[in-house]
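Working notes for the structure below.
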């Protein structure tokens, strides 16, 4: 049984690996947190499809903004939960991701495989996706 005290350090290492582009690290974090994020999102949206969208957006945010997570400020679960609540509360606030997504598959051995379809453009490049676009 893993030592509970090592989990935050382990997660910080995994988040750093995600920031460096590790899809395996993202898959590991997805396995750990997807169910609780889905539960939070489902309570907010009341809709399975909407909750699934929120889960995907949360992990896209982790993939694209992993360097913003600071384990000294709080736990990864709290950070991801906050992102989920922000996305789930106001569907109008969600960004139109236009063709960006995660492909999440389970292998025959039960191992999760996560692949990013593409990285979300940096905020400076988001102009065409902002509120004023059609």
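All of the numbers you see were taken from the coordinates with simple rules; none came from a lab. Note that the coordinates shown come from a computational prediction; the quantities given were computed from them, not determined experimentally. Every residue, glycine among them, receives a Cβ derived from its backbone with ideal geometry; neighbour counts consider all protein chains shown.
Just to verify a number: FRET efficiency for residue 10 and residue 47, C-beta to C-beta distance, R0 = 30 Å, to 0.05? Walk me through the numbers before you get to the answer.
Values: r = 33 Å, r/R0 = 1.10.
Efficiency, from the Cβ-Cβ distance: 0.35.
Using 0.36 nm times the number of residues separating residue 36 and residue 86, minus their current alpha carbon distance, what extension gain do you get?
On the way: separation 50, 0.36 × 50 = 18.00 nm, distance 1.50 nm.
Contour length minus Cα-Cα distance gives 16.5 nm.
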